[in-house]
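The values are calculated or read from the model by the stated rules, or taken from the named source; none is laboratory data. What you are looking at is a predicted structure, and each value in this text was computed from that prediction instead of being measured. Counting neighbours? That spans all protein chains shown, and the Cβs are built from the backbone with ideal geometry, glycine included.
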Amino acid sequence: MILHPGILALFLSSLLISLMTIYAASCGFMILRRWDIDSGSELQLALERRTCLISSIASYLLALQLLSLFLFIQTADSISHLFVGAMCAVGTLTVNSFGYPTLLLKVLNFILAGLWLILNHADNRGYDYPLIRAKYLLLLIMAPFILTETVVQCIYFTGLKPDIITSCCGTLFSQGSRGIASEILAIPTAPMKILFYSCMAATLAAGARLFLKGKGSYIFAIMSGVTFVISIASIISFISLYFYEMPSHHCPFCILQKEYGYVGYPLYALMSLGTITGLGVGLLQPFRKKETLGMIIPAIQRKLAAVSLFSFFIYTLIASWPILFSSFNLKG
Amino acid sequence: MISARGISKVFNHGLPNEFAALHPVSLDVSLHETTVLKGPSGSGKTTLLGLMACMARPTSGRIFLNEREITSLPERFLTEIRRSTFGFIFQQFNLIKGLSALENVMIPAYPTGEKYSILRRRALESLEMFNLGQRADARIEWLSGGEAQRVAIARALINNPAIIIADEPTSHLDSIQSREFIDIMTDLKAKGRTIILASHDPIVYDSGLADRVVEMRDGRIANEIKSS
Amino acid sequence: MPNLIERQRHIIDFTLSSLLRRKGKNCALLLVYTLIVFILASVLFFTHALKREAALLLNEAPEIIVQRTLAGRYQTIPIAWSDRILKINGVISVRPRLWGYHFDSAFKANYTLTVPAGNPPQQGSIDIGSGISMMRGANRGDIIAFTGHDGIPRSFKIRNILEHESQLLANDLILLSEEDYRDFTGIPADQATDLALRVRNSREYGIIAEKITRIYPDTRPIVRTEILRTYDALFGWRSGLLIVIFSAAILAFVIFAWEKATGLSAEERREIGILKAVGWETSDILLMKFWEGTVISLTAFLVGIILAYLHVFFTSSALFAPVLKGWSTLYPAFPLTPFLDLGQVATLFFLTVVPYTITTIVPSWRAATIDPDAVMR
């Protein structure tokens, strides 16, 4: 365990997020059990008001998840030199086997919170709380993931032991005894490039079709999910290399640093925005049949598709910029 | 038209201090008509007024606003209907202290997102209509009772509602100011607004303003008098 | 869309004016809030600045330093040893270094004496750090005297005043020639303070260090990155500890904030009731409360950070330097190089604004769900 301020802040925030989640989930459970839209009882009114509280908690949750994701990577990066062989966040995350699971859970929970808010937005537009059950089921599904994140993060941080001089005989012989992968496995570049651009093209086409004709929601949602995974793999495989102008530095985190103009932030922001809105389209699809939402959902889906298309498109532009215009050449 | 079908209101349901403010009551109010709910305090007229104006939900029964059932609507839709359909004048005026008369008039329109300049102009026009143009920037606590009442009326009208609701509007006014109030209401009525008043002040229910006086007692409608 | 923005604007306007109308109540909260941010920010900035000073200092340090120990205690090292060490594969150069500390009893200050590798002063003249120059009131060309190891004072002519990126490094420094150093400290001619090694490949540090201890079992090789790590962990640990101590303060603050947020005055309840009665929706009130929290948090956060920045970098952390530095008694006071990074700000945000915001969610919602007909009763 390292008493680093960043780690303490993450501990605190996870704890608060978990408490909020538990509270929201228990309210959600109550709503699922006692909900009766036709009743004019004070309980029903109280439950309806509680939905307002939970929406507000979920919005904060989304913001907090995003911030804690940022702080997590930032902290991992800033403590990397405490571990022999670690050069940046990649090294810190591989110090024990809970680093990457924590990161993955953080990303997953961020996406789930985003999807919940989309569902909530659609629900608020209907006159009779049409999605109330779906909404609170999703919340109950989210809760265990968020709690797991807190636990895994806790295990990860308590398992961190810095390599420092402990007594008069230097500890330096510990060096090399632990193998830290300071670089992520390199995925072959050329096939990855083809995969990335064809996947992006397919997603954009599916999105355009949805936007123009209102067809193919599920295909677009699935494509968005696939694009997310492939985009991350591409950043590691080749996109980042062009920003670093180094043929072998496959790091998804260093592009977040000042040295590279913080270009990672717009990249990741656009990518997650595109993915969340894209997945949201598919999430809303089964509820088109609800009578009070018959007109509303297609309109929301169209808007989501537009945002998603826009995000993916700009993302591709930024990612391709150095590939097209920089003097750096991978084959060089 | 607002029609209330067997609406009742019970406070603190199921608790030892349970209290039935309104026993099942049915009442139709047609548009362009002025209705006065008359009765002693505690007779349930304020509760009935609040229910019909979408301020609260009845414990049982249904309310229809122009054929649309509004009882089971979620609060936010109810609020929207209330904001666009009803204008309120309260017993204690309920103006916000520390703000100017103009700001008080503008408050109900804030959530609609109307452009500030347009909203301000409308609010000023409304104040001028009640001879308060010079007092627009004056703080609420500097206004006299009559002026405050007129600011409250201007506020009730800012969202251009079809129906005006007034709860004991004259209880804090002297006789001259009360008559002034009746004059304003008569004027609004002539312009085609529906008015519903709750009052136990003879100046109100004996004035020529009311098309209809509904007398209430102990949470029930006791008697109904149609004038004209 | 413009409607939504206009609505936000209206609500922000209203929030600001209602905050101003309740100055008294918000003042106390703002004060406590700012204080908390100030304290935590000072801790973070200060330790971070120290870490950075240490890193700058170590940047120029040799890759490996070889010290000699005798019965577990530090000892000077024979210069002759460097020949055998130089023969180890991967070692580019070995340089015997001469450096040490000198306590000036007249001024109760500790100085660092060093014989620089390049461009040493001539015999009889020295370069001194700006801190010493200031304390002793000595300038270029002046003659300055120090008492040597045998109690006899020696006088030197000041050749230069040192300026350096890292104040920690240059402040208390005295550069002098090898002859003067040996005469001043009494270190024999065949001995050095330690040996500084240049090594080509960072991966060989471990192997080389191991070989050195095999040849000279009484030596202790120290690798540069290791020192850096140790400093870092030490300062990180210290600031972490302080934050843990101050977490009690954060908790108290959160309770205070909860108090403030739940304890709506009758006047405020009435106002919210009026707003709801005239057509504001629960979410409008929530939005208002959100902006209220944002305004308070942002003000406290910014003011707290600015104050802490001034405190740390312009007053040298007058308030709690002794706790954090530990070794400050050894050094003359030195100003830190101003520095601020995003990670620190995010950390601070999580330690202060986030707990505050979460504390106010439920009370805000309670306030927002006041019955609209409450004002009619």
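Could you figure out which of (1) touching a residue at least 12 places away in the same chain (Cβ under 8 Å); (2) away from chain A (no Cβ under 11 Å); (3) among the β-branched types (Val, Ile, Thr) isn't true of C:Ile255?
The failed condition is (1).
Can you confirm whether the stretch C:13-32 contains a residue that is under 24 Å from the mean Cα position of the chain (by Cα) and either of a type in the set (D, E, K, R) or under 30 Å from C:Ile250 (Cβ atoms) (or both)?
Yes, some residue in the stretch C:13-32 is under 24 Å from the mean Cα position of the chain (by Cα) and either of a type in the set (D, E, K, R) or under 30 Å from C:Ile250 (Cβ atoms) (or both).
Sort out which residues of the stretch C:215-233 are touching a Lys or Arg at 6+ places or on another chain (Cβ under 7 Å) and away from chain A (no Cβ under 11 Å), and write them in order of number.
Within the stretch C:215-233, C:Ile215, C:Asp218 meet the criteria.
Can you name every residue in the stretch C:212-242 that is among the basic types (Lys, Arg) and surrounded by fewer than 18 Cβ atoms within 10 Å (Cβ to Cβ)?
Listed by number, the list holds a single entry, C:Arg214.
Kindly list the number of the only condition in (1) more than 25 Å from B:Asp218 (Cα to Cα); (2) facing another protein chain (nearest Cβ under 8 Å); (3) touching a residue at least 24 places away in the same chain (Cβ under 8 Å) that fails for B:Ser72.
Evaluating B:Ser72 over (1) more than 25 Å from B:Asp218 (Cα to Cα); (2) facing another protein chain (nearest Cβ under 8 Å); (3) touching a residue at least 24 places away in the same chain (Cβ under 8 Å) leaves (3) as the failure.
Tell me, which residue of the stretch A:124-162 that is aromatic (Phe, Trp, Tyr) and away from chain C (no Cβ under 14 Å) is farthest from A:Phe98 (Cα to Cα)?
Here the residue is A:Tyr127.
Please verify whether the stretch C:275-284 includes one or more residues that are among the small types (Gly, Ala, Ser), closer than 26 Å to B:Phe86 by Cα and in contact with a strand residue (DSSP E or B) (Cβ under 7 Å, 6 or more places away or on another chain).
Yes - at least one qualifying residue is present in the stretch C:275-284.
Looking for whichever is of a type in the set (A, V, I, L, M, F, W, C) and either facing chain C (nearest Cβ under 10 Å) or within 14 Å of the chain's Cα centre (by Cα) (or both) here; the options are B:Leu127, B:Leu95, B:Leu143. Which one fits?
Going through B:Leu127, B:Leu95, B:Leu143 in turn, just one is of a type in the set (A, V, I, L, M, F, W, C) and either facing chain C (nearest Cβ under 10 Å) or within 14 Å of the chain's Cα centre (by Cα) (or both): B:Leu95.
Do we have any residue at all in the stretch C:217-236 that's of a type outside the set (Asp, Glu), assigned to a helix (DSSP H, G or I) and under 23 Å from C:Thr34 (Cα atoms)?
no
Looking at the stretch C:109-149 only, could you name the residues that are surrounded by fewer than 16 Cβ atoms within 10 Å (Cβ to Cβ), part of a loop (DSSP other than H, G, I, E, B) and not polar (S, T, N, Q)?
Across the stretch C:109-149, the qualifying residues are C:Ala117, C:Gly118, C:Gly124, C:Gly137, C:Arg140, C:Gly141, C:Asp142, C:Gly148, C:His149.
Restricting to the stretch C:260-312, what's the tally of residues that are part of a helix (DSSP H, G or I) and over 34 Å from the mean Cα position of the chain (by Cα)?
Qualifying residue count for the region: 22.
Go over the candidates A:Val281, A:Val263 one by one and state the one that is of a type in the set (Val, Ile, Thr) and modelled with pLDDT of 90 or more.
Of the residues listed, the single one that is of a type in the set (Val, Ile, Thr) and modelled with pLDDT of 90 or more is A:Val281.
Considering only the stretch B:169-191, how many residues are in contact with a His (Cβ under 9 Å, 6 or more places away or on another chain) and either of a type in the set (A, V, I, L, M) or modelled with pLDDT under 90 (or both)?
The qualifying residues number 1.
If the requirement is being modelled with pLDDT under 80 and over 19 Å from the mean Cα position of the chain (by Cα), which of these qualifies: A:Gly159, A:Gly170?
That would be A:Gly170, the only listed residue that is modelled with pLDDT under 80 and over 19 Å from the mean Cα position of the chain (by Cα).
Quick check on A:Ile17: is it over 30 Å from B:Cys54 (Cβ atoms), touching a residue at least 12 places away in the same chain (Cβ under 8 Å) and of a type in the set (Val, Ile, Thr)?
yes
Could you list, ordered by first residue, the pairs with Cβ atoms under 6 Å in which the first is in the stretch C:44-60 and buried (at least 24 other Cβ atoms within 10 Å of the Cβ) and the second is β-branched (Val, Ile, Thr), at least 6 apart or interchain?
C:Phe45/C:Val312; C:Phe46/C:Val312
Applying the selection to the stretch B:180-228, what residues are within 13 Å of B:Lys45 (Cβ to Cβ) and among the hydrophobic types (A, V, I, L, M, F, W, C)?
B:Ile196, B:Leu197, B:Ala198, B:Val204, B:Val213, B:Val214, B:Met216, B:Ile221, B:Ala222
Condition first: under 24 Å from A:Ile222 (Cβ atoms) and out of contact with any strand residue (DSSP E or B) (no Cβ under 6 Å at 6 or more places or on another chain). Can you find one or more residues in the stretch A:250-258 that meet it?
There is at least one residue in the stretch A:250-258 that is under 24 Å from A:Ile222 (Cβ atoms) and out of contact with any strand residue (DSSP E or B) (no Cβ under 6 Å at 6 or more places or on another chain).
Which one is nearest to the chain's Cα centre (by Cα), of the residues in the stretch C:175-208 that are small (Gly, Ala, Ser), modelled with pLDDT of 85 or more and not in a loop (DSSP other than H, G, I, E, B)?
Residue satisfying both the conditions and the ranking: C:Ala196.
Cβ-Cβ distance below 8 Å, separation of 6 or more or different chains: which pairs start in the stretch C:335-349 with a residue that is without any contact (Cβ under 8 Å) to a residue 24 or more places away in the chain and crowded, with 16+ Cβ neighbours inside 10 Å and end on one that is outside any loop (DSSP other than H, G, I, E, B) and among the aromatic types (Phe, Trp, Tyr)?
As it stands, the answer is C:Ala346/A:Phe70, since those pairs meet every condition given.
Which condition number in (1) part of a helix (DSSP H, G or I); (2) among the charged types (D, E, K, R); (3) touching an Asp or Glu at 6+ places or on another chain (Cβ under 9 Å) is the one that B:Arg82 fails?
It is condition (3) that B:Arg82 fails.
Being surrounded by 20 or more Cβ atoms within 10 Å (Cβ to Cβ) and of a type outside the set (A, V, I, L, M, F, W, C) is the filter; apply it to the stretch A:1-32 and report the residue that is farthest from the other protein chains (Cβ to nearest Cβ).
Among them, the one singled out is A:Gly28.
Taking the condition crowded, with 23+ Cβ neighbours inside 10 Å, over 25 Å from A:Phe11 (Cβ atoms) and at pLDDT 90 or above, does A:Ala122 pass?
In short, yes.
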